[in-house]
Amino acid sequence: MEALNKAAIRVSYETNSSRQISPSDLARYLIDNFLEKAVEKLIEDSQGRPSGKPLTTTD
């Protein structure tokens with residue numbers, strides 16, 4: 001959670017927005033935009049293939 005807190009503070013600061021982003025707002029953004037790619041990467045990593053490497057008959 002500390003990482004989300006720090007990242008939310010950074011986003012709020014660097015965007016100079018009058019609205020402060022909360023850690024839960026940031027978590028929702030990450031889930032909405034990057035969840036599927038993260039799941040694919042975790043599956044690839046668990047199968048011992050480098051990320052982005054296509055399946056071949058030698059895998």
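The values are calculated or read from the model by the stated rules, or taken from the named source; none is laboratory data. Here the structure is a predicted model, which is why all the values come from computation and not from measurement. For neighbour counting, all protein chains shown are included, and Cβ atoms are generated from backbone atoms with ideal geometry for every residue, glycine included.
Table for the structure above
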read-out	value
Answer residue from region 39-53, given it is at pLDDT 65 or above and either part of a loop (DSSP other than H, G, I, E, B) or of a type in the set (Ser, Thr, Tyr) (or both) and is nearest to the chain's Cα centre (by Cα) among those	46
Residue that is farthest from the chain's Cα centre (by Cα) [pool: residues in region 15-34 that are hydroxyl-bearing (Ser, Thr, Tyr) and surrounded by 13 or more Cβ atoms within 10 Å (Cβ to Cβ)]	22
Members of region 15-38 that are closer than 16 Å to residue 2 by Cβ and either among the aromatic types (Phe, Trp, Tyr) or part of a helix (DSSP H, G or I) (or both)	23, 24, 26, 27, 30
